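Chemist: To start, I am sharing the structure in question, which I have written as structure tokens.
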Amino acid sequence: MTEPYFLQVPEVPSSCAVFSSPHSGSEYPQAFLDQTRLKGQAIRSSEDAFVAELFRDAPSYGAPLLAARLPRAYVDLNRGEDELDPALITGVQRQGSNPRIVAGLGVIPRVVAEGRAIRDGKLSLSEAKSRLHEGYYPYHTRLSALLDAQRQQHGEAVLFDCHSMPNDALSSAPMVRGKRPNIILGDRFGSSCGRWLMDAASDIFAAHGFVVARNAPFAGGYITQFYGRPSRNVHALQIEIDRSFYMDEQRLTRRADFGHLVQRLSQVIAGLTLIRSTGLPLAAE
């Protein structure tokens with residue numbers, strides 16, 4: 001593996017957008033699998049499985065698509081590099097009360113979905129840092145470079161941080177016109193992007209038949225918070241898709257109508273790539 005990510009770039013760059021899928025990685029190092037207490041599908045339960053496939057048409061509309069190879073259970077790219085768990089990693093001092101770390105969901109996770117422990121015993125600090133150098137830093141270096149290039153070329157950059165969510169997480173989501181949402185857009189309650197981006201993205205998803213809620217139960221994680229700098233013309237919006245909408249969550253397999261959803265999302269992506277800070281998408285050339 002030369003790089004810990006996939007990068008697809010458009011033949012004709014035309015959009016200020018960057019699409020990122022940090023949790024869809026599914027290439028598990030054998031040494032990691034040999035050490036985990038979870039077998040089969042259990043170790044994969046934290047994956048945003050197939051999300052990179054859902055957004056695969058982004059390059060066709062002029063925007064790069066960056067996706068992780070390494071899985072979230074190995075190194076979580078949607079965390080700060082300093083979110084190290086003293087309950088898992090030797091030599092790490094507890095600093096304050098970070099709820100993600102307390103829950104076992106630091107940058108090197110201790111648990112997967114439903115709080116299931118990944119392994120017995122602890123990791124050395126050197127092994128934890130090795131994972132960061134292997135997967136975390138290369139991904140963020142590339143993502144930063146992509147956003148910088150977009151801002152230099154277009155005057156602004158728009159990051160779509162793409163994820164999926166378990167269907168049962170939607171039990172706490174607000175109803176939208178009497179329906180349960182299948183898309184949650186998060187902008188850290190207005191801090192990670194201009195209102196124009198949230199409004200335009202919501203309208204585009206809704207126009208293609210999706211039910212959209214904002215910031216509940218997911219308002220955006222580390223990536224949205226870290227990269228979203230509206231005052232510097234870098235805007236970040238998190239997209240969460242209901243997993244049951246496109247896959248069997250227990251077997252981690254694509255639904256029979258997966259291809260149809262990809263086609264619907266392709267139309268959404270076409271609209272997202274045209275959004276600009278004027279509040280109106282540019283006309284297609």
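The values are calculated or read from the model by the stated rules, or taken from the named source; none is laboratory data. A quick note: this is a predicted structure, and the numbers were derived from the prediction, not measured. Cβ placement follows ideal geometry from the backbone for every residue including glycine, while neighbour counts extend to all protein chains displayed. The area values use the complete protein model at the heavy-atom level, side chains included, leaving out ligands, DNA and RNA. Shrake-Rupley method; radii C 1.70, N 1.55, O 1.52, S 1.80 Å.
Chemist: Taking the condition farther than 20 Å from Ala58 by Cα and part of a strand (DSSP E or B), does Ala213 pass? Even if it seems obvious, please write down each step before you answer.
Modeler: Working: farther than 20 Å from Ala58 by Cα: yes; part of a strand (DSSP E or B): yes.
For Ala213, the condition - farther than 20 Å from Ala58 by Cα and part of a strand (DSSP E or B) - is met.
Chemist: So Ala200 clears everything in (1) open to solvent by 10 Å² or more (accessible area, probe 1.4 Å); (2) assigned to a helix (DSSP H, G or I); (3) in contact with a strand residue (DSSP E or B) (Cβ under 7 Å, 6 or more places away or on another chain) except one condition, right? Which one?
Modeler: With respect to (1) open to solvent by 10 Å² or more (accessible area, probe 1.4 Å); (2) assigned to a helix (DSSP H, G or I); (3) in contact with a strand residue (DSSP E or B) (Cβ under 7 Å, 6 or more places away or on another chain), Ala200 is out only on (3).
Chemist: Then there is this: If only one of Gly190, Gly186, Gly178, Gly194 is at pLDDT 95 or above, open to solvent by 20 Å² or more (accessible area, probe 1.4 Å), more than 23 Å from Leu7 (Cα to Cα) and of a type outside the set (Asp, Glu), which one is it? Break it down into steps so the answer makes sense when it comes.
Modeler: Details: Gly186 fails: open to solvent by 20 Å² or more (accessible area, probe 1.4 Å); Gly178 fails: at pLDDT 95 or above; Gly194 fails: open to solvent by 20 Å² or more (accessible area, probe 1.4 Å).
After ruling out the rest, the residue left standing is Gly190.
Chemist: Also: Is it fair to say Ala173 is hydrophobic (A, V, I, L, M, F, W, C) and over 17 Å from the mean Cα position of the chain (by Cα)? Lay out the reasoning, then the answer.
Modeler: Numbers: hydrophobic (A, V, I, L, M, F, W, C): yes; over 17 Å from the mean Cα position of the chain (by Cα): yes.
Yes, satisfied.
Chemist: Conditions first: (1) on the phi > 0 side of the Ramachandran plot; (2) part of a helix (DSSP H, G or I). Gly220 passes all but one, so which condition is the exception?
Modeler: The failed condition is (2).
Chemist: Mind checking which pairs have a first residue in region 104-117 that is under 16 Å from Gly40 (Cα atoms) and surrounded by 15 or more Cβ atoms within 10 Å (Cβ to Cβ) and a second that is of a type in the set (Val, Ile, Thr) and at pLDDT 95 or above, Cβ under 8 Å, 6 or more apart or different chains?
Modeler: The qualifying pairs are Val111/Ile118; Val112/Ile43; Val112/Ile118.
Chemist: Give region 15-43 a look and list any residue that's β-branched (Val, Ile, Thr) and in a strand (DSSP E or B), or say none.
Modeler: Val18, Thr36
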